Amino acid sequence: MTAPLAQMQGTLRFVRYAFMPNRLRYCGGDDDRTLFDYAVEASADRGLTPLVQRFTGALPYLQLIARANGIPDPFHERVVEAYWIGNELLDGVEVRQLYDALLERFGKQLQGRTREIVLGKAPAGARPHHSFHVLDVHRRLGELESTLETLDRCRVSWGRVTAIEGSELVVDRQPIVLDEGKLALGEARLERVVRQLDGKGFVEAVAPGDWVSLHWGWVCEVLEARQRRNIERYTRRHLAVANETL
């Protein structure tokens, strides 16, 4: 049964960001081709819902954001945007709510000083944003290599399109670097990123000068000016939070 498209826009946006880590087998189920087809066609039915619920890394954050803001659907478009990009819903999550959510989820999984560090990020100013999970939680769980390159590719970043070359874009993008022992955004540099597989992708209407969001080297969507500011704002925020216990 096909769901009203308006009700599924948030779920489809979630897929835009979740597709590539799923394809790389970092999260979700074995569903990358199906997820890709849903997003390319920009259509959804009830069969998509159980697929996105397999993303057990992101889902608790979505549920927390939705619950704290009185939104019934964790895949509501504004909730999904808050997690991947950032918006005002993140400020609707109280410090205690984030602390309790981290305690419930990771309290037994993490031990000793590592547990104290992760739980302490809530009062230190963290928000339930993807950049927080990458920079301060994910790397402490030992699920991915804790290298600078991995952190940089795993976070959602942004780049300004300078050229379109078939299935790739050339973008000007700021990587994460180490600056005097601290994580920081480095000078922007030109990079090639992938926008299509087998001639299909999520971003077709794109032009030089546009800003796009990127996840694991994959182009997720074209960003509005507000969204670009927000993703940079929350990334810088969580770099600062991470640097307190680097």
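The values are calculated or read from the model by the stated rules, or taken from the named source; none is laboratory data. Every value quoted in this text rests on a predicted model; they were computed, and no experiment measured them. FYI the Cβ positions are ideal-geometry reconstructions off the backbone, even for glycines, and counts take in every protein chain you see.
So that you can scan it fast, the table gives a plain yes or no per residue for (1) out of contact with any strand residue (DSSP E or B) (no Cβ under 6 Å at 6 or more places or on another chain); (2) more than 20 Å from PRO128 (Cβ to Cβ):
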| residue | (1), (2) |
| --- | --- |
| ASP152 | no, yes |
| TRP158 | no, no |
| ILE164 | yes, yes |
| ASP198 | yes, yes |
| SER213 | no, no |
| TYR234 | yes, no |
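Which one of PRO50, PRO21, PRO60 is over 15 Å from the mean Cα position of the chain (by Cα), assigned to a helix (DSSP H, G or I) and either crowded, with 17+ Cβ neighbours inside 10 Å or not aromatic (Phe, Trp, Tyr) (or both)?
Matching residue, one of PRO50, PRO21, PRO60: PRO50.
Take the residues in region 67-80 that are in a helix (DSSP H, G or I) and surrounded by 23 or more Cβ atoms within 10 Å (Cβ to Cβ), then tell me which one is nearest to the chain's Cα centre (by Cα).
Per the criteria, the residue is VAL80.
Regarding ARG127, is this residue in the same structural domain as ILE231 (by TED's automatic domain parsing), crowded, with 21+ Cβ neighbours inside 10 Å and touching a Leu at 6+ places or on another chain (Cβ under 8 Å)?
No; evaluated as a whole, the condition is false for this residue.
Looking at (1) part of a loop (DSSP other than H, G, I, E, B); (2) farther than 28 Å from TRP216 by Cβ; (3) in contact with a helix residue (DSSP H, G or I) (Cβ under 6 Å, 6 or more places away or on another chain), can you tell me which one GLN97 breaks?
(1)
So which residues in region 84-96 are under 20 Å from GLY120 (Cα atoms) and surrounded by 13 or more Cβ atoms within 10 Å (Cβ to Cβ)?
Passing the criteria: LEU90, GLY92, VAL93, VAL95.
Which pairs turn up if I take residues in region 61-72 that are in contact (Cβ under 8 Å) with a residue 24 or more places away in the chain and look for partners that are surrounded by fewer than 18 Cβ atoms within 10 Å (Cβ to Cβ) with beta carbon separation below 7 Å, at least 6 apart in sequence or on another chain?
Once the first residue is in contact (Cβ under 8 Å) with a residue 24 or more places away in the chain and sits in region 61-72, its partners that are surrounded by fewer than 18 Cβ atoms within 10 Å (Cβ to Cβ) give LEU64/GLN97; ALA68/GLY92; ALA68/GLU94; ALA68/GLN97; ASN69/GLY92.
Quickly run through region 191-216 and pick out the residues that are closer than 23 Å to ASP179 by Cβ and under 19 Å from the mean Cα position of the chain (by Cα).
LEU214
If I ask for residues that are aliphatic (A, V, I, L, M), within 14 Å of ARG237 (Cβ to Cβ) and in contact with a His (Cβ under 9 Å, 6 or more places away or on another chain), which ones from region 65-99 would you list?
ALA82, ILE85, LEU90
Counting just the residues of region 177-195 that are closer than 14 Å to ASP152 by Cα and among the hydrophobic types (A, V, I, L, M, F, W, C), which one comes out surrounded by the fewest Cβ atoms within 10 Å (Cβ to Cβ)?
So, considering only residues that are closer than 14 Å to ASP152 by Cα and among the hydrophobic types (A, V, I, L, M, F, W, C), the one surrounded by the fewest Cβ atoms within 10 Å (Cβ to Cβ) is LEU178.
I'd like the full set of residues that are at negative phi and of a type in the set (D, E, K, R), limited to region 184-220.
Listed by number, the residues that qualify are GLU187, ARG189, GLU191, ARG192, ARG195, LYS200, GLU204, ASP210.
I'd like the full set of residues that are over 25 Å from ASP37 (Cβ atoms) and either in contact with a His (Cβ under 6 Å, 6 or more places away or on another chain) or in a loop (DSSP other than H, G, I, E, B) (or both), limited to region 200-246.
ALA207, PRO208, GLY209, GLU224, TYR234, GLU244, THR245, LEU246
Report yes if GLY29 is modelled with pLDDT under 95, small (Gly, Ala, Ser) and surrounded by fewer than 23 Cβ atoms within 10 Å (Cβ to Cβ), otherwise no.
yes
Out of the strands (runs of 3 or more DSSP E) lying entirely within region 122-192, which hold 1 or more residues that are at pLDDT 95 or above and touching a Pro at 6+ places or on another chain (Cβ under 8 Å)?
157-165, 182-185
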